[in-house]
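Engineer: The structure's right below; bear with me while I get my questions together.
Any read-out appearing in this document is the output of simple, stated calculations on the displayed coordinates, not a laboratory observation. Every value quoted in this text rests on a predicted model; they were computed, and no experiment measured them. Glycine also receives a Cβ, built like all others from the backbone with ideal geometry; neighbour counts cover every protein chain displayed.
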Amino acid sequence: MCETAGTPAEAVAAMPRPAAGTAVDPIALEPVDEIEILTLVDNTYDALLTGDERTRRAGFGAGAVAARQFDGDRTFAGMIAEHGFSALVTVRRAGRSHTLLFDTGLSPDAMVTNADRLGVDLGGIEAVVLSHGHFDHAGGLAGLAGARGVRSLPMVLHPLAWTKRRLAVPGREPDELPTLSKRALEGEGFEVIERRTPSLLLDGSVLITGEVDRTTEFERGMPPPHQAWTGGEWVHDPLVADDQALVVNVRDRGLVVLTGCGHAGAVNIVRHARRLTGVDRLHALLGGFHLGGPAFEPIIPPTVQALTEFAPSLVVPGHCTGWRAQHALAAALPDAWVQGSSGTTYRLTAASAG
């Protein structure tokens, strides 16, 4: 069991290794006919958003709850929004479907409550993937265990997801962040799979990136207050080296990239996905881009410029992206940008699938 950031040698081993050009042995990511990404938890919920041919929204009627203050003793509850992220990912290929859960939100109950209000059965989940160890992406594991039962359910994460971390803002007492316990998760029935390197899941149709190569000049990670415990002292943890993303190749369309917080940098992540797979086309980018707040707002312009050059068909910034970056991306990519919201499903199909 690893409850700390490990030894200095392990920390060095975990450092991302910049690499340029095409991978020598590209990962054979099987193209899929369709991917559906259901955002179970996001920072926002707007019941008045409209959908389109690829976007299905959860309106006010998504969940009715008991409330004796209303005639009929019922009212609409809608979706829960919180500072966290969780997505249910379903891929379809050759007539077969597979589903996994990518992150679980902040609180123990938001993800499972939203799933229940949407009528989504979490019993079909074949694996859980954690983008990284921060508590706003792992909090719903308790609710999942209680609602579903997770006997031998595989959970893929980076070995540094167990790292003890804190926020030491000058002038304030440090705030130690909740830390995942491997012993507790295994005790609940999760089959914990630790990987630093890329993983292929769901019959080879989903790629988990593992550690992301840091190749941009501007995506430098977390500021000094974000610290990790080495076993002997607290040190600056800029990289959050356990950060990884999910990648799917939609046949004849290109890559769909899903991030949790994007601590490795949204541009680094896309570059890494393209290099690993040998697929240049970015079809869609969804999830948290971590561009909110004074430490990250200065890198909004180069990030937006680089993402614009990728020319994605769909961009759904969520969670920790921040309102300034949202506005900048919406202005730069007006045909691709879509407002995220808890309970929204995005359906992307192969060119010939309609």
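Engineer: Name every residue in region 112-160 that is surrounded by fewer than 20 Cβ atoms within 10 Å (Cβ to Cβ) and among the small types (Gly, Ala, Ser), in order of residue number.
Structural biologist: Listed by number, the residues that qualify are 119, 123, 124, 142, 146, 147, 149, 152.
Engineer: Any chance you could count how many residues in region 109-141 are part of a helix (DSSP H, G or I), among the small types (Gly, Ala, Ser) and in contact with a Cys (Cβ under 9 Å, 6 or more places away or on another chain)? Outline the logic, then answer.
Structural biologist: Initially, region 109-141 is screened for residues part of a helix (DSSP H, G or I), giving 110-118, 122-124, 135-138, 141.
From what's left, among the small types (Gly, Ala, Ser): 110, 115, 123-124, 138.
Among the residues that remain, those that are also in contact with a Cys (Cβ under 9 Å, 6 or more places away or on another chain) are: none.
Residues flagged as part of a helix (DSSP H, G or I), among the small types (Gly, Ala, Ser) and in contact with a Cys (Cβ under 9 Å, 6 or more places away or on another chain) within region 109-141 amount to 0.
Engineer: Continuing with this model, one more query. Considering only residues that are at negative phi and in a loop (DSSP other than H, G, I, E, B), which ones fall in region 177-196? Before you say what the answer is, go through the steps one by one.
Structural biologist: Applying the first criterion (at negative phi) to region 177-196 yields 177-188, 190-196.
Residues satisfying the conditions are 177, 178, 179, 180, 181, 188, 195, 196.
Engineer: In addition: Could you please find all residues in region 204-237 being in a loop (DSSP other than H, G, I, E, B) and either more than 28 Å from residue 301 (Cβ to Cβ) or polar (S, T, N, Q) (or both)?
Structural biologist: So in region 204-237, the residues in a loop (DSSP other than H, G, I, E, B) come out as 204-205, 209-225, 230-233, 237.
Result: 204, 205, 209, 210, 215, 216, 230, 231, 232, 233.
Engineer: So, one more: Within region 292-311, is even one residue buried (at least 23 other Cβ atoms within 10 Å of the Cβ) and closer than 20 Å to residue 39 by Cα?
Structural biologist: No, the conditions are met nowhere in region 292-311.
Engineer: OK, next. Mind telling me which of the residues 106, 88, 100, 40 ends up being touching a strand residue (DSSP E or B) at 6+ places or on another chain (Cβ under 9 Å) and outside any strand (DSSP E or B)? Let's see the steps before the verdict.
Structural biologist: Details: 88 fails: outside any strand (DSSP E or B); 100 fails: outside any strand (DSSP E or B); 40 fails: outside any strand (DSSP E or B).
It is 106.
Engineer: Could you check, for region 119-142, whether at least one of its residues is of a type in the set (Phe, Trp, Tyr), touching a residue at least 12 places away in the same chain (Cβ under 8 Å) and closer than 20 Å to residue 247 by Cβ?
Structural biologist: Within region 119-142, the subset of a type in the set (Phe, Trp, Tyr) is 135.
Filter once more, so that each one left must be touching a residue at least 12 places away in the same chain (Cβ under 8 Å): 135.
Right, trim to closer than 20 Å to residue 247 by Cβ and you get none.
Among the residues of region 119-142, not one is of a type in the set (Phe, Trp, Tyr), touching a residue at least 12 places away in the same chain (Cβ under 8 Å) and closer than 20 Å to residue 247 by Cβ, which makes the answer no.
Engineer: Suppose we filter 178, 198, 170 for residues that are exposed (fewer than 15 other Cβ atoms within 10 Å of the Cβ) and touching a helix residue (DSSP H, G or I) at 6+ places or on another chain (Cβ under 8 Å); which single one remains?
Structural biologist: When all the criteria are applied, what remains is 178.
Engineer: Which one is surrounded by the most Cβ atoms within 10 Å (Cβ to Cβ), of the residues in region 327-350 that are over 17 Å from the mean Cα position of the chain (by Cα) and farther than 14 Å from residue 284 by Cβ?
Structural biologist: Among them, the one singled out is 328.
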